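Throughout, read-outs are computed from the coordinates displayed, never taken from laboratory work. Predicted model, so just to flag it, every value in this text is computed and none were measured. Cβ coordinates were reconstructed from backbone atoms using ideal geometry, including for glycine residues, and neighbour counts include every protein chain displayed.
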Amino acid sequence: MNLKGKVVLVTGSARRVGRVIALAFAAKGARIAAHYHTSAGEARKLVAGAKSLSGADADVFRANLLEAAAPQKLAEAVARRFGGIDVLINSASLYERTPFATATPEDWDRHMAVNARAPYYLAQACAPWLKASGDGCIVNIADWAGHRPYADFGPYCASKAALLCVNKLLAKSLAPEIRVNAILPGPVLAPEAMGEPEKKKVAEATLLKRLGTPDAVARACLYLAESADYSTGAELTVDGGRLIA
Ligand SMILES: NC(=O)c1ccc[n+]([C@@H]2O[C@H](COP(=O)([O-])OP(=O)(O)OC[C@H]3O[C@@H](n4cnc5c(N)ncnc54)[C@H](OP(=O)(O)O)[C@@H]3O)[C@@H](O)[C@H]2O)c1
């Protein structure tokens, strides 16, 4: 796919990894629909940055993906503003510590809603435009821990495992018109509260013995959208070998 002028919806793109993904697509001349929930100022800054990279159009869209009606409203708002949708990147995510002994049903519901249910319904809502694109694709940002869960983050890891199932389900349901693939990042950007000693431990646990970068995830997204024209239902690890370590 030639990304110039294509409409790319990136969820959770005001900050951190989603922001780097959105800027990578903007640099290719894509028009960016920058979804955010609470980071309004950062989303506006991202859009200004995206426009300055290539001169292509960009705009912000607010949605709380905990709400069941949000995906449909978001897809309609983006299609109304840009006239279509060519690429959907599901990057928004809830990541909360929820130890085994104290995790609540509400913890489960929130993680499943944002990390697995919302990507499914966003795909469903965007599907008519992705099909009309003739070249539409979806990238789901999952996690290596969807295959090997770590303690204290049970609902998060289970929701990412569910997202890996959703990835296959969407690939089957939307073929042959729309390709659907997942990226499984490893430690590419530490949580803001993580100290240096813990970062060192996390890096040591990978095969490559170092932390990754959001840019590595963005390059993988570009590959899946631009070049992976015979891949659907695939899982691409960007984890320094963490999954098999
Ligand atoms: N960082 C890593 O090393 C790493 C490792 C493995 C996998 N991943 C995956 O890569 C993706 C990006 O990672 P990240 O660290 O940048 O993610 P993040 O900072 O944890 O979250 C990204 C964005 O998700 C949005 N979000 C959270 N709850 C939401 C809700 N209810 N409705 C709508 N949006 C909501 C937030 O938007 P607002 O700020 O606008 O509220 C947030 O900025 C995620 O899917 C993550 O699971 C990341």
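Below, the figures for the structure above:
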| quantity | calculated |
| --- | --- |
| Paramagnetic reach from S231 in region 185-206 [backbone N under 19 Å; point 7 Å along Cα→Cβ] | 185-188 |
| Projected label distance in nm at A193 and H147, using a 7 Å step from Cα toward the beta-carbon | 3.0 |
| Gyration tensor verdict on region 92-245 (Cα atoms; rounded if a/c is under 1.5, prolate if a/b is larger than b/c, oblate otherwise) | oblate |
| Sequence of M194, M112 once ranked by neighbouring C-beta atoms within 10 Å, starting from the fewest | M194, M112 |
| Value at 222 nm in deg cm²/dmol, rounded to 500, when DSSP H runs of n ≥ 4 in the chain each add -39,500 (n - 2.57) | -14000 deg cm²/dmol |
| Net charge dipole size for region 100-172 [Lys, Arg +1 and Asp, Glu -1 on Cβ; Debye, nearest 20] | 320 |
| Dipole of the chain, positive end: most advanced residue of L211, A48, L163 [Cβ charges, Cα centre] | A48 |
| Dipole of the chain, positive end: most advanced residue of P149, A190, F61 [Cβ charges, Cα centre] | F61 |
| Nonlocal amide H pairs with D152, under 5 Å, H built at 1.01 Å | F100 |
| Around A75: net Lys/Arg minus Asp/Glu count, Cβ-Cβ under 13 Å | +2 |
| Signed unit charges on C-beta, dipole axis of the chain, positive-most listed residue A127, L23, Q72 | L23 |
| Cα centre as origin, Lys/Arg/Asp/Glu Cβ charges: region 7-244 dipole, Debye | 300 |
| Region 112-122 - phi-based ³J(HN,Hα) in whole Hz, Karplus 6.51/-1.76/1.60, Gly and Pro as x | 5, 5, 7, 8, 10, 5, 4, x, 4, 6, 5 |
| Sequence-distant residues sharing a close amide H with A30 (under 5 Å, placed H) | G5 |
| Net +/- balance of residues flanking W144 in space, Cβ distance below 10 Å, scoring K and R +1, D and E -1 | 0 |
| Exposure proxy ranking, count of Cβ atoms within 10 Å, fewest first, for E226, E96, E196 | E196, E96, E226 |
| Only Lys, Arg (+1) and Asp, Glu (-1) charged, at Cβ; region 129-245 dipole about Cα centre in debye | 260 |
| Calculated from backbone phi, Karplus (6.51, -1.76, 1.60) coupling profile of region 125-131 in Hz, x at Gly/Pro | 6, 7, 3, x, 6, 4, 5 |
| Gain upon complete extension [K172, N64; 0.36 nm per residue less C-alpha separation] | 36.1 nm |
| HN-Hα J in Hz across region 23-39 - Karplus 6.51, -1.76, 1.60, θ = phi - 60°, x for Gly and Pro | 5, 5, 6, 4, 5, 8, x, 6, 8, 10, 9, 9, 7, 9, 10, 10, 8 |
| Members of K6/K28; K4/K51; K4/K73 lying beyond 20 Å, as alpha-carbon distances in this model show | K4/K73 |
| Calculated FRET value between A48 and A101, using beta carbons and R₀ = 35 Å, to 0.05 | 0.15 |
